[in-house]
Structures are given as structure tokens and as C-alpha cells.
Amino acid sequence: MPEALLKVDNIAHAYPDGTKALRGLSLAVAPGEIVSIIGLSGAGKSTLLRCINGLVRPQSGTVTFAGKAVAWDARTLRLLRRDIGMVFQHFNLIGNLTVLTNVLLGRLGYQPSWMQPFYRFSAQDRDIAASALEKVGMLREWHKRASELSGGQQQRVGVARALAQEPKLLLADEPVSSLDPLTADIVLGHFVEIVRGEGLAALMNLHTVELARKYSDRMVGVRDGRAVWEGLPAEATTGVLKSIYGDEYAG
Amino acid sequence: MPVERAQVMLPPRPQSPGARIARIAWWMALVMLVAYIALALVQTEFNPLKLIAGGSSAREILSQIIHPDWSILGKLLKLMNETVEIALIGTLIAIIISFPLSFLAAKNLMLGTPLGRAVYALVRLIFNVLRAFEPVLLAVLFVLMVGIGPFPGVLALGLHSVGMLGKLFSEAIEGINQGPVEAIQACGGNRFQVIWYGILPQIAPAFLAFSIYRWDINIRMSIVLGIVGAGGIGYMLLQYMNLLQYSKVATAFILILIVVTALDYASAALRTRLGQR
């Protein structure tokens, strides 16, 4: 196995209200690998992704990305987040801005300082954004306001924003769970195709086993803040899924 | 065939131990309120008959009022324009001051650290104090400080509006969707970029709508401010009244009515458009 691009080692996190989201979770993602995480709502999947790009700071354990342990100063975090694109369940686009501007926001991590004139992006950034929009098939809609788009289109733009970062790793937090099943399958299929085409790695929380089986190289089952299983999609038997989702899991 | 329905008895309402006392307190409060209303009617010398009696003595005034003096229209238009300008500059000053402050008075941005909480409390206090000063009182103060004219009106409206706009702006910031903020952070955006790209576009329509509405309110307020000497058409209105020139008062009234109504409609239409975006 090649050296891991991302290593999560024994991280634990509890929220201020006392909820223990993560209780010593470890996993690794190799370059170019697509890994999906499955588990019940509240198992800690979202917190896990947020610990990787530092939106949440784990109380113990380490995250290693591209051979470097993640530190918590602003500069290191900025460089880390630049290299890790994120796609969100509710897309998190800015509805009042155009599709193009939303994608250009993926370039913010590269702008030298906060004294940059606002809403001005370099020609190079615009090229990168246009090419990201083309990859997700949204180039023709570049001038529309994000709020005018359908859910599936919004998530395509969300993907384009992440791609515009020119990341090494993509995190996707239930990227298609707010879309209808058919659109979900199309959007996720397209996403995975792009990730493979670019040779990127991806770590996705998925809300259905079916999608995880279909679109990942490897699956990780999370239960009560721990990784309780990992294996190939073919190995995810009913018995395994019961150990992840509980005995009520009905295949 | 009638449907047989089982009779369902409502379970007894749970009685808390204080319920009896609370009921008595409610009744006492109601009695006191009624008593106070009665007292107020007496002390305000409320008497509709007086209004009817006064009508006949006002006949002379009324006969003048139904004949507005249109020769002063040009002069009044100029003063009306001054009133609108006082409101405009007062509102602009308030926007410039309250815009940056409103971020410091937004819970979701400030409550993270002890210093943030202190700044939040201080700025909120400033807003509340400024709101508590009625523009008319402020105008009296500023007329004493800088003299009669439009400038004290600008200062009074500006200061009071900082409190009003600051409160509305900061509440708009508190109501934003946190998702885009998280997305900007995840892209590597710093604090300023989070505010400029994640928050500002979300609140811009609300900020604009509040600002237009404030200007609208300030136009009406600045007419009143004129009466205490702070410029505009209100000042002239007072003069005509003191000189018993009621046909000129009538012209001013009509003009104010038309302009204020027109601007009210324009502002409402603009704000509706902003709301629909």
C-alpha cells in the first residue's frame, strides 16, 4: 500500500453540550482512493470530516495530511484547507451571488491577504473556475444566481467550487442526501467520475449503503464515534451492516 | 351508518401549586389597569364636547385653510427638498457608523471569546442608549450647540438612526445561514473573507431595505425637527403658524402630505423588490 495521503489517528471529540461525537477513530486514505463512510445519523461522520480540515478541532488524536501532522495555527490551517475541497449536504452556496462567483470563492485560500480588492479575481482564477464549471457541466449557467438553480445543479456548483481549489483530497459530507434518489445517483456518479479523472482522493459520508457500494473503492463503517469495520464494497455483508447500523438493519 | 365513537374524556389539567396565586395576581393586574385608564381619562381632560365647541371658533382658521396660498410653493419646495436632504445625510452618516459596529453587536460572531462578549455588550449598550434619545430631544440639544439650521437636524437624525440601524443590521447578521460561512472557511478563507464573501452577500438586501426604510422614516421625522429649529420645511411651518398665516400653513400641509406619501410608496416598492430577490 502506498503511503497514505490522509491519516486520522485515534481522534476523539466531544461537543460543549457533552455529546461524544468521536471516541478514538482511526482511518487512512491513499492517494487516488475513494473511501466512503457509512453509519447512522449521529455516529460521528460529519464531525470526522470537520476534524480533517480543521473546522472542528479534535480534543485528542492526530490528523496527518500529505506527510505532515496538522497543526492548529491559522496559517497551517489555511494551507491545509486549500488542499482539501469540501462538498456539503446543503451545498452551502451563497444564493445572492452568481454561479461563477461561487466557484471563484474556491480560490480565496490563494489570495495573498485580506487587503485584496473585494470580488476581484485574477484572470487565472477565472480560467480555473471556468474549467471547474465545465467539468461539472454547469458552464452555460455561469451568470445565473445560485439560488435560481435546482438542488442537483447547486450541488454541481458546490463540486465545482471544491475543484477550483485544485485540491488533493475532496471531503463530501452527505453530498447527495438532500436530492431525490435519481438525481442523487447521477450527481454522485458524475462526482466520482471527475475525482477518478483528476486522480484525486475522496472521503465521502454517504447516507445509503447502495451508493457507497456502487461508488467507492473501500468502505468504513462508523458507529458511536469509532470505526467498527472497513473493507471492500463486496465484503459489506448483511452481518457486517448489522454491526454498523444495529440489528434493525434489514438489508 | 353512524360511526361509533368512543367517548374520550380529557384528563384533568395539571394544577401547579402557584396557579391560584397567579390567577389572583392576574385579576389584580386587570383591576389596576382599568383603574389607571380611568385616572388617565380624567387627568388628560378627555372631553369630546370641547372638540365640537372648538369647531365654531376655528371657523375663521378653516376658511383660510381651504384657500391655500400657492404663491409660496416655490419657496416651500426648496424647503421640502432641504428636509429630504437632512434625512438623506443623517441616514448616510448613520449607515457609515452603524455598518461596521453592527458586526461587533452580532451574537454569532462575538460570543466566542471573553473579549468578544465584552465588545458585544458595549456596542449593544451604545445602540440601546442612542435609540433611547428621541430625535426631537437630540435636535433641541444640537440647535443649542451649533445654532438654528439644517445641520443640527442632520446630527440628531444621524445619531438616533445609528442606534436603530445598528440593531436591525446586527439582527440581520445573526439571522444568516451558517452554511456558506462554513464553506468559505473550508476553502481556506480568513476572517475578513468570511465576512466579505460569506456574510455580506447574505445580508446586503436586508441592509439596503433597512437603510431605505430608515431614510423614509427620517424624512417624516425631519419635518418635526424643523419645528424645534433644525431646518427644513418644519421650521417654516412653525413660523406661518405663529404669524397666523393659515393659508400658507395649508399649502405646506398639502405639500408635505403629497411628498411624504409619494416617498412612502417609492420606499415600499423598492423594499418589496429587494425582498423578492
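The values are calculated or read from the model by the stated rules, or taken from the named source; none is laboratory data. For clarity, every value in this text was computed on a predicted model and none was experimentally measured. All Cβ positions, even for glycine, are placed from backbone atoms using ideal geometry, and neighbour counts span all protein chains on display.
Worth pointing out:
- Within the range A:209-249, the set of residues being among the β-branched types (Val, Ile, Thr) and touching a helix residue (DSSP H, G or I) at 6+ places or on another chain (Cβ under 8 Å) comprises A:Val209, A:Val222, A:Val228.
- Considering only residues in the range A:66-80 that are surrounded by 10 or more Cβ atoms within 10 Å (Cβ to Cβ) and basic (Lys, Arg), the one that is farthest from the other protein chains (Cβ to nearest Cβ) turns out to be A:Lys68.
- Selection status of A:Val63, part of a strand (DSSP E or B) and either at the interface with chain B (Cβ under 8 Å from one of its Cβ atoms) or within 21 Å of the chain's Cα centre (by Cα) (or both): yes
- Considering only residues in the range B:176-224 that are in a loop (DSSP other than H, G, I, E, B) and within 9 Å of another protein chain (Cβ to nearest Cβ), the one that is surrounded by the most Cβ atoms within 10 Å (Cβ to Cβ) turns out to be B:Cys187.
- Yes/no for B:Glu60 being crowded, with 18+ Cβ neighbours inside 10 Å, among the acidic types (Asp, Glu) and part of a helix (DSSP H, G or I): no
- Looking only at residues in the range B:76-110 that are without any contact (Cβ under 8 Å) to a residue 60 or more places away in the chain and farther than 27 Å from B:Ala172 by Cα, the one that is surrounded by the fewest Cβ atoms within 10 Å (Cβ to Cβ) is B:Lys78.
- Residue within the range A:103-126 that is of a type in the set (Asp, Glu), farther than 25 Å from A:Leu49 by Cα, assigned to a helix (DSSP H, G or I) and within 11 Å of chain B (Cβ to nearest Cβ) present: no
- Qualifying residue in the range A:106-124 (condition: modelled with pLDDT under 95 and over 22 Å from B:Pro201 (Cα atoms)): yes
- Qualifying positions in the range A:207-251 - modelled with pLDDT under 95, in a loop (DSSP other than H, G, I, E, B) and either aliphatic (A, V, I, L, M) or out of contact with any strand residue (DSSP E or B) (no Cβ under 9 Å at 6 or more places or on another chain) (or both): A:Ala236, A:Thr237, A:Asp247, A:Glu248, A:Tyr249, A:Ala250, A:Gly251
Yes/no per residue for (1) touching a Leu at 6+ places or on another chain (Cβ under 8 Å); (2) exposed (fewer than 15 other Cβ atoms within 10 Å of the Cβ):
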site	(1), (2)
B:Tyr240	no, no
B:Gln245	no, no
B:Lys248	no, no
B:Thr251	yes, no
B:Leu255	yes, no
B:Ile258	no, yes
B:Thr261	no, yes
B:Gly275	no, yes
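- Qualifying residue in the range A:204-224 (condition: within 13 Å of A:Gly85 (Cα to Cα), buried (at least 24 other Cβ atoms within 10 Å of the Cβ) and in contact with a Lys or Arg (Cβ under 9 Å, 6 or more places away or on another chain)): no
- Search result, residues across the range B:149-190 that are over 24 Å from the mean Cα position of the chain (by Cα) and of a type in the set (A, V, I, L, M, F, W, C): B:Val181, B:Ala183, B:Ile184, B:Ala186, B:Cys187
Conditions tested, residue by residue: (1) under 15 Å from A:Leu105 (Cα atoms); (2) at pLDDT below 90; (3) touching a helix residue (DSSP H, G or I) at 6+ places or on another chain (Cβ under 8 Å).
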| site | (1), (2), (3) |
| --- | --- |
| B:Ile173 | no, no, yes |
| B:Ala186 | yes, no, yes |
| B:Asn190 | yes, yes, yes |
| B:Asp216 | no, no, yes |
| B:Ser222 | no, no, yes |
| B:Tyr240 | no, no, yes |
| B:Tyr246 | no, yes, yes |
| B:Val249 | no, no, yes |
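- Unmet requirement for A:Arg50, which otherwise passes all of (1) within 14 Å of chain B (Cβ to nearest Cβ); (2) more than 11 Å from the chain's Cα centre (by Cα): (2)
- Restricting the range A:81-102 to residues that are within 7 Å of another protein chain (Cβ to nearest Cβ) and not hydrophobic (A, V, I, L, M, F, W, C), the residue that is nearest to A:Ile52 (Cα to Cα): A:Arg81
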